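One structure is given here, and the rest of the page talks about it.
The values are calculated or read from the model by the stated rules, or taken from the named source; none is laboratory data. Because the structure is a prediction, the values reported are computed rather than measured. Note that each Cβ is placed from the backbone with ideal geometry, even for glycine, and that neighbours are counted across all protein chains shown.
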Amino acid sequence: MAPDLLPDAARDARVETYAHLLEYGRERGYKLDWLTPRETFGTHPEASAGGGLLLQDIDRGVFADAPDWSDNLTGRPRGSLARANAPKVGNYSVRTKGDIWLRNAAQLYEEAVQRQWSSAVDIPWDTLEELPDEIERAECQLATFLTEVEFVAGDVPGKWIAETTPDYYEPRMFLISQIMDEARHLDVFRKRALANGGGLLMQTSNAALAGAAIDSARDFTEMSARLHISGEGLVLSIFRMGERMSYNEAEKAIYRLAASDESRHVAFGVMHLQYLSQAQPERREEIHSYLDEIELGLVIGAGGQNPATRGTPSNAALAILLGGGADSAAIEEGAQIALAVRQRQVKEYVQRVKVAGFGDRFENGRANAALAQYVAA
Amino acid sequence: MVQTTRKTARAKGEHAGNGATNGATNGATNGATNGAGAGRVIPTPATPPAPLMVEPPDLSWMDKTTGWGTRALPDLVHGGGLTIDALNIGTYSKVPDHFPYRNRLPRGAYPSPIAGSIGGYYLQDKWEQWADCAGQMYEEGISRRWSTATDVPWETATGLPDDVEIALCQVATELSHQGSIETEVVCSWLQNLSPGYHEVKLFLATNVYDSARMFEGYRKRGMVNGGGMLFESPGRMNRAVMETFSGWTQTVLGLWFLRGALQLTILRYLAAYGPTEADSVLAARMIPDRMRAAAYAVDHIRQAIAARPDQRVAFAMWLTNLELAQAADAKDPVLWEALAVALGGGVKQIDAGMAIVRRLQHDWVQSYIDRARSAGLERGTDLGRPYQAMLAEGATAAT
């Protein structure tokens, strides 16, 4: 049945039936106040082809109405019936739709559910083989860095989930799937560091500082720009280069699977910015100011979440992995490729910002001028 | 050999992100990669501009390790793969009683002297969060992953009398609401639990995923025939669980002892008496999810008491507070009536259904007592009258 509401006649017949049942129950001492059909009763969702019963297909009528502003302070599921005596437990700071909404969050969540994987059994760990010492150390340094920064991408969304009204449950659900993904990432990179005769290496102090910037964001969109657009976007570019810096099938699988996850996270950030730019155009200038900060980090190479940031152990490790060794010639070659990686990061950032609806900054002189050098090189 | 391996990988030019660009990510990530030529060889710039100048790298980090030569092995005998617990060997097997870093230093990594504090992560003691089973529960959560979209035979959720269908929607609303609250509560703690005990954080990631699945799975159940979401939870227990910021351990007691036992018992009854196959399967699928939370909770409380015996009384007092809140919710008839109609087969069979509910209540309270006892907390004499009554009436109903 199409998700139309019931005709009046059918609803009237049902009301009569309920009246009879209520009378029966109440004569026996039951209250049965809850026994009332909602306006959507008897309707059915239209299932997507082959995908099962998906979150994006189920809501209709009042249940589909994500309000522009939420007064739900009891944490009740959207569309449910409020109780006048329920305590107000939800100290939600995100109660305005534009602050967190995007159009495809439920789809992204369901895709995440379908694409879950296991670092224990889905990585061909048996393909690891002994590597030259400098290569193994570089692998382990990069893995240490990625283990560290993945904590950021899991913990910070957690805070915002708790801050968001359940009336906007779709973006919350996606962020929950992100927490799951990031847990798996920090887990798989720790496993890589400890599975091939190496070990964890040095904490990257810069990553801790950059992580704090994401932690400290006072607005969800500001946080999302720093985390999804910048941080995860940069890491995604690296993961997509995984084929070039892998020395066995296990590493290739790690980067391939992690990239699949990260692309959803980046998509969330892009689509949220896109929604916000359309729903709250008055916030565009504010968003541009966040992008100004992000671009400054990109061009001076100060973004601590970026393994390709200059002067960091993770960047040196990338150069060794990409060049195939730690001798000067190999490092020189690897460093040149790492620079190309940074160019690619910038190009992908530019494209994401354009898709998000803020591409005007690349035409009106607002964007950081040094970005052009990356794009042109 | 290494060089050959690298060149081979280069020559393949496979796109690492291929799997990610289907479906919902189209547009966002596809658009983002335009022009970047993902998967092809990136040309090395011949004359890099100033921002792209190569700097000689500092390689001093290469010797900064606390335990080089570690080789964790996958479990090839039982097929469990390379588990997170398998990494705890050598230097990395040491789980300290106190983790002094308030940043994201991975346990066992070489700490940077200038990393500093980034705020949060104030639960730095092992006893405040640890459970030996956390790593195992994490891996089990991953290996038992499932989807409400495709693993529940939703097409069988049909043909019920209207009153039974609405009753199930009311039960679904309660479970969905509880799942949502649990997600919020656990998520709010993640930034406070030290990365030094990453096994716990990993397990909790699976837990928020599980509780979110309870939220969305029962929302789907409510919506599949249009009944939707009915009355929200009474809310006293929600408030009690939310207001446990005195400590994570108190939150564990709030989420996974009395309330967790109630959820599990309801799910077991729905799995057994579910009026449709979809209802049985949905509930049965969620039982292992809830069991993992219970396992972590019992293990954590037991170990917390072992490490800090002085806390046993405080934990018991906290349970008393939680029992009062839950008792206030239990006075409300909505959930019990809905369960009676759903499990009994309709309003006309509500008396028979209420007899089942009495047994459910008995099993719930007994399960709670057993769970608390396993953790080292005796509730027998401290248990309030409402619960004593449920035990007594349920025993009568069972006979």
Completion exercise
For A:ARG344, the lone unmet condition from (1) more than 22 Å from A:VAL235 (Cβ to Cβ); (2) in a helix (DSSP H, G or I); (3) within 11 Å of chain B (Cβ to nearest Cβ) is (1)
Practice task
Test each condition in (1) in contact (Cβ under 8 Å) with a residue 12 or more places away in the chain; (2) out of contact with any Phe, Trp or Tyr (no Cβ under 8 Å at 6 or more places or on another chain); (3) at the interface with another protein chain (Cβ under 10 Å from one of its Cβ atoms) for B:LEU267 and report the one that comes out false.
Solution key: (3)
Fill in the blank from the handout: With criteria (1) over 24 Å from the mean Cα position of the chain (by Cα); (2) within 19 Å of B:ALA261 (Cα to Cα); (3) of a type in the set (A, V, I, L, M, F, W, C), B:ALA352 comes up short on (2)
Problem - Failed item, numbered, when A:GLY52 is tested on (1) facing another protein chain (nearest Cβ under 7 Å); (2) crowded, with 18+ Cβ neighbours inside 10 Å; (3) over 30 Å from B:THR206 (Cβ atoms); (4) out of contact with any helix residue (DSSP H, G or I) (no Cβ under 7 Å at 6 or more places or on another chain) - result: (3)
Exercise for the section: Report, by residue number, each residue of the range A:299-342 that is modelled with pLDDT under 90, hydroxyl-bearing (Ser, Thr, Tyr) and more than 25 Å from the chain's Cα centre (by Cα). Expected result: A:THR312
Practice task
Specify which of the listed residues (A:ASN72, A:ASN91) is within 10 Å of another protein chain (Cβ to nearest Cβ), in contact with a Lys or Arg (Cβ under 8 Å, 6 or more places away or on another chain) and not basic (Lys, Arg).
Solution key: A:ASN72
Exercise for the section: Tell me which residues, restricted to the range A:188-223, are modelled with pLDDT of 95 or more, under 22 Å from the mean Cα position of the chain (by Cα), under 27 Å from A:ASP122 (Cβ atoms) and hydrophobic (A, V, I, L, M, F, W, C). Expected result: A:VAL188, A:PHE189
Fill in the blank from the handout: Here the residues within the range B:138-162 that are closer than 21 Å to A:ALA183 by Cβ, surrounded by fewer than 23 Cβ atoms within 10 Å (Cβ to Cβ) and hydrophobic (A, V, I, L, M, F, W, C) are B:TRP146
Fill in the blank from the handout: Of the candidates A:GLU332, A:GLU363, the one satisfying the condition of being within 8 Å of another protein chain (Cβ to nearest Cβ) and surrounded by fewer than 17 Cβ atoms within 10 Å (Cβ to Cβ) is A:GLU332
Handout entry: Index of the failed condition, A:ALA259 passing every other in (1) farther than 20 Å from A:PHE151 by Cα; (2) within 8 Å of chain B (Cβ to nearest Cβ); (3) in contact with a Phe, Trp or Tyr (Cβ under 7 Å, 6 or more places away or on another chain)
Key = (1)
Exercise for the section: Can you give me the number of residues within the range A:173-187 that are within 10 Å of the chain's Cα centre (by Cα) and not aliphatic (A, V, I, L, M)? Expected result: 5
Problem - Any hit, the range B:271-283, residues being without any contact (Cβ under 8 Å) to a residue 24 or more places away in the chain and under 26 Å from A:GLU182 (Cα atoms) - result: no
Exercise for the section: Would you please list the contacts, defined by Cβ atoms under 6 Å and residues six or more apart or on different chains, that run from a residue in the range A:36-64 that is on the phi < 0 side of the Ramachandran plot to a residue that is of a type in the set (Asp, Glu)? Expected result: A:PRO45/A:ASP57; A:SER48/A:ASP57; A:LEU54/A:GLU110; A:LEU55/A:GLU110; A:LEU55/B:GLU216
Handout entry: Filter result (farther than 25 Å from B:GLY384 by Cα, buried (at least 21 other Cβ atoms within 10 Å of the Cβ) and more than 11 Å from every other protein chain (Cβ to nearest Cβ)) within the range B:338-366
Key = B:ALA342, B:LEU343, B:GLY344
Practice task
Take the range B:91-112 and flag every residue that is part of a loop (DSSP other than H, G, I, E, B) and within 11 Å of another protein chain (Cβ to nearest Cβ).
Solution key: B:TYR101, B:ARG102, B:ASN103, B:ARG104, B:LEU105, B:PRO106, B:ARG107, B:GLY108, B:ALA109, B:PRO111, B:SER112
Completion exercise
the range A:227-331: helices (runs of 4 or more DSSP H) wholly inside it with 1 or more residues that are closer than 23 Å to A:ALA212 by Cβ are A:233-240, A:249-279, A:284-300, A:313-323
